[in-house]
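J.: Handing you this structure, nothing more for now.
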Amino acid sequence: MSFSGNLIYKCEVWSSSANIKSLKLLFFLLPFFQRYRGLSINIKRFTLLKSPLGNKKSKDQFEKCEHRVHFYLKSIKPSNILACVHVLTFLTEVKCKVKVSNKLLD
């Protein structure tokens, strides 16, 4: 007895990037996802001394901004989920965490 017709697949993706343009490119590459939510921007600030031996008052300050987005896709066909994961492998500046699950339809 096969339950493949009664399954629905869900692919959740948490992605983050320092470049906001690469995240927007992700949305153009994956037009079939249903909902997405922009998460908070993670900002890391750090200070470095200009001269480690001499003047302690001269310092350089830097910050790194990381933009995050969460979206998911629901589909009856597992090929749509595999296509989503396949597109994510080609992104170079975007870090992604993917969770795929399935459940029976009621």
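The values are calculated or read from the model by the stated rules, or taken from the named source; none is laboratory data. Remember, predicted model here, so these are calculated numbers, not experimental data. With ideal geometry, Cβ positions are generated from the backbone for all residues, glycine too; neighbour counts draw on all protein chains shown.
J.: Where in the stretch 21-103 are there strands (runs of 3 or more DSSP E), lying wholly inside it, with at least 2 residues that are hydroxyl-bearing (S, T, Y)?
T.: Values: elements: 35-38, 42-49, 59-75.
Those strands (runs of 3 or more DSSP E) span 59-75.
J.: Residue pairs, Cβ under 9 Å, 6 or more apart or interchain, first in the stretch 91-106 and farther than 17 Å from N6 by Cβ, second in a strand (DSSP E or B) and modelled with pLDDT under 85. List them.
T.: The qualifying pairs are K99/Y72.
J.: Oh, and also: Taking the stretch 1-26, which residues are at pLDDT below 75 and either closer than 26 Å to E63 by Cα or in contact with a strand residue (DSSP E or B) (Cβ under 8 Å, 6 or more places away or on another chain) (or both)?
T.: The answer is F3, and nothing else.
J.: Moving to a separate point now. Being touching a residue at least 24 places away in the same chain (Cβ under 8 Å), of a type in the set (D, E, K, R) and farther than 13 Å from L7 by Cβ is the filter here; which residues of the stretch 62-85 pass it?
T.: K64, E66, R68
J.: When the residues of the stretch 51-106 are filtered to those that are among the hydrophobic types (A, V, I, L, M, F, W, C) and over 26 Å from S22 (Cα atoms), which remaining residue is surrounded by the most Cβ atoms within 10 Å (Cβ to Cβ)?
T.: At the first step, the residues of the stretch 51-106 found to be among the hydrophobic types (A, V, I, L, M, F, W, C) are 53, 62, 65, 69, 71, 73, 76, 81-85, 87-88, 90-91, 94, 96, 98, 100, 104-105.
Next cut, over 26 Å from S22 (Cα atoms) only: 53, 76, 104-105.
Values: L53: 6, I76: 12, L104: 8, L105: 9.
Filtering the stretch 51-106 for residues that are among the hydrophobic types (A, V, I, L, M, F, W, C) and over 26 Å from S22 (Cα atoms), the one surrounded by the most Cβ atoms within 10 Å (Cβ to Cβ) comes out as I76.
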